[in-house]
Structures are given as structure tokens and as C-alpha cells.
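These notes are about the structure you will find just below.
The values are calculated or read from the model by the stated rules, or taken from the named source; none is laboratory data. Because the structure is a prediction, the values reported are computed rather than measured. Don't worry about glycine lacking a Cβ; one is built from the backbone with ideal geometry, like all the others, and counts go over all protein chains shown.
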Amino acid sequence: MLALDIKNLNKSYPTFQLKDVSFQLGQGYIMGFIGANGAGKTTTIKSMLNMIQPDSGEVHILGRNIAEHETGLKQEIGYALGGFDFYSRSKIKKLTSVVKGFYTNWDDETYYSYLRRFKLDENKKITELSTGMKVKYNLALALSHGSKLIILDEPTSGLDPIARDELLDIFQNLVVDGEISILFSTHITSDLEKCADYITFIDNGQIINSCEKEEFVESYRLLNGAESQLNQVKEQLISYKKNSFGFTGLIHAQDYDPSSDIKAATPSLEEIMIYFAKKESI
């Protein structure tokens, strides 16, 4: 059974449009959902959770249609944002007592185990928590009601490298037994290089590719050549930058001729995003 199956999701706004967004996530895996700010990541997530009404398309979570089984499915979905911006004057203890009432499978033992693990004092007010502690509290809530699908929307944004690395370890441990799946939306691609199994890349409201992480990066090449060599490949390049040494450009691996004298390397996730973003300005 798939944890997540999105088919032809569309949503139109006056200045932006999701166009036939489709991808799948199997159980027990971490999928990195990447794209520049404004590319459509949050709109996709809100549409698939019925937080905003999509114009068309289907979303199946854990084998059930979200439009038909929204109430039941949301008992099995954990949703964590990077920040925590409501009831900031309330103590953790009070806010948790409200949140737990929404979930039939809430488990106090699991919740308190995460409080201990994250070193969270339930008598502290939300406003007294650091950015990292707010993320951890949000995650503790998401993980304490038997969630089978965890959706993380920029969870590590604003965290220092040590706190981010700790959270990545937690995410990897969560999927070990194959029961929990994670959709991890972020523009901090170095996090995904450490923990993601799959990558889904959205650009300007459209899915560019969705596949295993290694397959994704290997489907592109980053070329470095002299300016005199640019015309050889200019038409095939997704985009390029000129520099004092010549040029650097991104190309689909299938369009690169390995017999040419232009140097090529496998790009990072960040480099792929950068060159796709630059495409718009060429």
C-alpha cells in the first residue's frame, strides 16, 4: 500500500497555478519535496490535506481518498511546521491538553517519551521556547497519536546545524520499521542529501521529476567549459552561468555527449534547484 498517491492535482490562483501535480510515496520511506520558495510546495501540501480546496485531482493517503475520509485519515497524519505561532502565551501542558482531545489514538506514554527525549519542560510557555524547541514540540505532538504519515513543511528552517542533524537522525529512525512514511518539504537541500530516499522536485507549479534520490541527481550533469565551447551545448542546457573561466551549466544527462571535451560532474540537489531557477531569467 502507498502512503501517499497524488494524481493530477490542480489549483489556480490569479498569479499562480498548480498544474497536474502527481507523485507517489511508498510506506517506510522519506521523500524530500524540493523547490524554490513560491514553487508550489506549501500549496501542494495544503491542497492534498484539503486545507485549501483543489480545483481537480485525487489524493489517496494510506489507500483512502482524502476527500471521502478526511476526518478518519487526519487521525493518522502528523503535520509539523517549522514554527509554532499560536497560543504563544500558553504553557506546553495547557496547549497539549487541548490538542490531545482531537485524537482518538493519543498516547500519553509516547508523548512524554518525546518530551524527555527533546528535553522539553511542559511548564514552559511557547514564547519561552527557542526555534529548535518549538520544532521539537510540534514534532512531539505529531508523533503522539499513531501517525502513519508525517508531513513536515520546512521543519528545519532557522535551526542551527547541530539541531538540524539531531532532527534528521530522528526522522531516519522513525521510518526504520517500515510503518511510518515522511514527506519532508524544504529548500535546505543538504538535509535531504543526508536522509531522503526519494526526491520530488516542483518548479513553477509543475513536477519536474519524482524518483529515487540517486537516480534524480544522476539524471543531470553540471558542465564546466571554456566560453568558446558554450555554443556546442547552449541549446541543450537547462541554464548556464558565465564566469571568468568560461561557463557552468546544467544539462539533462541524456543530452550530454561524454565524448566531448567539456568537463561534467554530478550536481548537488542545490545546484539543480539553482539552475532551474535561473532558467526563468534566460
Q) Here are some residues: SER260, SER268. Which one is in contact (Cβ under 8 Å) with a residue 60 or more places away in the chain, of a type outside the set (A, V, I, L, M, F, W, C) and over 28 Å from LYS11 (Cβ atoms)? A) SER268
Q. Just one of LYS91, LYS74 is crowded, with 16+ Cβ neighbours inside 10 Å, among the charged types (D, E, K, R) and either outside the structural domain of LEU152 (by TED's automatic domain parsing) or under 21 Å from GLY132 (Cβ atoms) (or both); which is it?
A. LYS91
Q) Looking at the range 184-203, is at least one residue modelled with pLDDT under 95, aromatic (Phe, Trp, Tyr) and farther than 30 Å from GLY78 by Cα? A) no
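Within the range 118-133, count every residue that is assigned to a helix (DSSP H, G or I) and touching a residue at least 12 places away in the same chain (Cβ under 8 Å). Steps first, please.
Going residue by residue through the range 118-133, those that are assigned to a helix (DSSP H, G or I) are 118, 126-128, 131-133.
In the following step, the residues that additionally are touching a residue at least 12 places away in the same chain (Cβ under 8 Å) were identified as 118, 126-127, 131-133.
Qualifying residue count for the region: 6.
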Q: Filter the range 94-130 down to residues that are buried (at least 16 other Cβ atoms within 10 Å of the Cβ) and polar (S, T, N, Q), then give me how many there are.
A: 1
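Residues being in a strand (DSSP E or B) and free of Cβ contacts under 8 Å to residues at least 40 places away in the same chain: count how many of those fall in the range 1-50. Can you show your working first?
Kept after step one, since they are in a strand (DSSP E or B), are these residues of the range 1-50: 2-12, 17-26, 30-34.
From what's left, free of Cβ contacts under 8 Å to residues at least 40 places away in the same chain: none.
Qualifying residue count, the range 1-50: 0.
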Q.
If LEU192 satisfies all but one of (1) closer than 30 Å to SER12 by Cβ; (2) assigned to a loop (DSSP other than H, G, I, E, B); (3) not β-branched (Val, Ile, Thr), what's the number of the condition it fails?
A. (2)
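Table: residues versus (1) in contact with a helix residue (DSSP H, G or I) (Cβ under 6 Å, 6 or more places away or on another chain); (2) part of a helix (DSSP H, G or I); (3) surrounded by fewer than 17 Cβ atoms within 10 Å (Cβ to Cβ).
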{"site": "VAL135", "(1), (2), (3)": "no, yes, no"}
{"site": "ASN138", "(1), (2), (3)": "no, yes, no"}
{"site": "LEU141", "(1), (2), (3)": "yes, yes, no"}
{"site": "SER147", "(1), (2), (3)": "no, no, no"}
{"site": "LEU152", "(1), (2), (3)": "no, no, no"}
{"site": "ASP165", "(1), (2), (3)": "no, yes, yes"}
{"site": "VAL176", "(1), (2), (3)": "no, no, yes"}
{"site": "GLU179", "(1), (2), (3)": "no, no, yes"}
Q | Long-range neighbours under 8 Å by Cβ, at least six apart or interchain, first residue closer than 15 Å to LYS263 by Cβ within the range 202-226, second part of a strand (DSSP E or B) and basic (Lys, Arg) | A | LEU223/LYS263; ASN224/LYS263; GLY225/LYS263
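Would you check which residues across the range 195-221 are over 20 Å from ALA39 (Cβ atoms) and part of a strand (DSSP E or B) and list them? Spell out the reasoning first.
Narrowing the range 195-221 to residues over 20 Å from ALA39 (Cβ atoms): 195, 197, 212, 214-215, 218, 221.
If the condition is that a residue be over 20 Å from ALA39 (Cβ atoms) and part of a strand (DSSP E or B), then GLU212, ARG221 are the ones that fit.
Can we say MET31 is within 29 Å of ARG164 (Cβ to Cβ) and surrounded by fewer than 18 Cβ atoms within 10 Å (Cβ to Cβ)? Explain how you work it out, then say what you get.
Numbers: within 29 Å of ARG164 (Cβ to Cβ): yes; surrounded by fewer than 18 Cβ atoms within 10 Å (Cβ to Cβ): no.
No.
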